[in-house]
1. Multiply the residue separation of Thr215 and Glu108 by 0.36 nm, subtract the distance between their alpha-carbon atoms, and state the gained length in nm to one decimal.
2. Suppose each label sits 7 Å from its Cα in the direction of the beta carbon; what would the Glu165-Glu7 distance come out to in nanometres?
3. Once the dipole of the chain is set up with Lys and Arg at +1 and Asp and Glu at -1 on Cβ about the Cα centre, which of Ser53, Leu134, Ala161 lies farthest towards its positive end?
4. Using the Cα centre of the chain as origin and beta-carbon charges of +1 (Lys, Arg) and -1 (Asp, Glu), tell me which of Ser231, Ala9, Gly40 is placed farthest towards the positive end of the dipole.
5. Can you compute the label reach from Asp180? Point 7 Å from Cα along the Cβ direction, backbone N cut-off under 13 Å, restricted to region 196-229.
6. Under a 1.4 Å probe, what is the accessible area of region 1-123 per residue, stated in Å²?
7. Lys15 to Val83: FRET efficiency via 1/(1 + (r/R0)^6), r the Cβ-Cβ distance, R0 41 Å, to the nearest 0.05?
8. Region 204-236 to region 112-135: how many Å between their Cα centroids?
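The values are calculated or read from the model by the stated rules, or taken from the named source; none is laboratory data. As the structure is a computational prediction, the values presented were derived from the model and not from experiment. In this analysis, Cβ positions are derived from the backbone assuming ideal geometry, glycine residues included, and neighbour counts consider all displayed protein chains. The accessibility values were calculated without ligands, DNA or RNA, using every heavy atom of the protein model including side chains. Shrake-Rupley method; radii C 1.70, N 1.55, O 1.52, S 1.80 Å.
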Amino acid sequence: VEQVEAEGAALLLNKNNALPLESGANVSCFSNSSVSLIYGRTGSGNVDISKSSTLKSALTDAGLNVNETLWNFYTEGEGSEYVRDPGQLFPHRNATAVDVPWEVYTDEVKDSVKQYGDAALVVFSRVGGEGSDLEFTEENYLELIPEERELLAGLTEMKAAGDIEKIIVLLNTSNALQVDFLKDSAYDIDACLWIGDVGQTGIDAVADILAGNVTPSGRLVDTYCYDNFSSPAMMN
C-alpha cells in the first residue's frame with residue numbers, strides 16, 4: 001500500500017518548487033480532516049486503521065516537526081466539535097462535508113503557527129463508496145464548503161503577514177474534487193498533491209513525498225474540473 005501511494009500520488013501544483021520541504025521543517029496541519037483522514041471508506045473499501053499512522057506521526061517519522069498546539073486544537077480542543085461523521089460501513093444517507101469556522105481558531109492557536117510556519121498543510125477530504133450518494137442539491141459536495149474557503153483565506157492572510165511561508169494542499173479523496181480554488185487569486189496556494197484514500201499505510205508515503213524522500217510521479221486518470229456543473233450530466 002505504501003509503495004502504491006508513493007508511486008500513485010499526483011502533484012497538481014508546485015509553484016517555485018514549494019515541494020519538497022526542507023529537512024526538519026516546522027509544519028502546521030490544518031482542517032479537521034488532518035486529524036481524521038480518509039484511509040478507505042464504505043462497503044468493500046473499508047479499512048482497518050487500528051495500527052495506521054496519523055498524519056502527525058507519519059510527518060514526524062519523515063523528519064518533520066508538527067505543531068502540537070494546533071493538532072490538539074482539532075483532537076481535543078474547540079476544533080474537535082466540528083468532526084466529520086464517521087458514518088457506517090453502508091451509510092443510508094448522502095455524504096456531507098464539515099470543517100472548523102475560522103472564527104473558532106483562538107489567538108493561542110494562530111500564534112503557535114508562527115513557530116511552525118515553514119508550511120501550512122491543509123487537508124481536504126471527501127468520502128467515496130457504495131451506499132452513500134454525493135450531495136448536489138442543497139450543496140455541491142465536491143466543491144469546497146464556506147468553512148474550507150474561510151480557512152484558505154485566513155491562511156493567505158497569515159502568509160501575507162509573514163507567519164506562514166508556504167500553503168500546501170493535500171486532496172484526500174477518491175472523488176474528483178472541484179479545484180477552482182487552485183486558480184482563485186484570493187488564495188495564495190503554493191502546492192497541491194492528490195493523495196486519494198491512503199489505505200492502511202499510504203500516509204507514511206505521503207509524508208515521505210512532502211519531505212523529499214520520494215518523488216511523486218503519478219498522473220490523474222480523471223479530469224479535475226474547475227466547475228463540475230460545466231458537464232451537462234450534472235443537470236440530472
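1. On the way: separation 107, 0.36 × 107 = 38.52 nm, distance 3.53 nm.
Residue separation times 0.36 nm, minus the Cα-Cα distance, leaves 35.0 nm.
2. Label-label distance for Glu165 and Glu7, simple model: 3.2 nm.
3. Selected residue: Ser53.
4. Comparing the listed Cα positions along the dipole, Ala9 ranks first.
5. In region 196-229, the label zone of Asp180 (backbone N under 13 Å from the point 7 Å along Cα→Cβ) covers 225-229.
6. Details: 6150 Å² over 123 residues.
So region 1-123 comes to 50 Å² accessible per residue, rounded to a whole number.
7. Working: r = 32 Å, r/R0 = 0.77.
For R0 = 41 Å, the calculated efficiency reads 0.85.
8. Centre-to-centre (Cα) distance: 13 Å.
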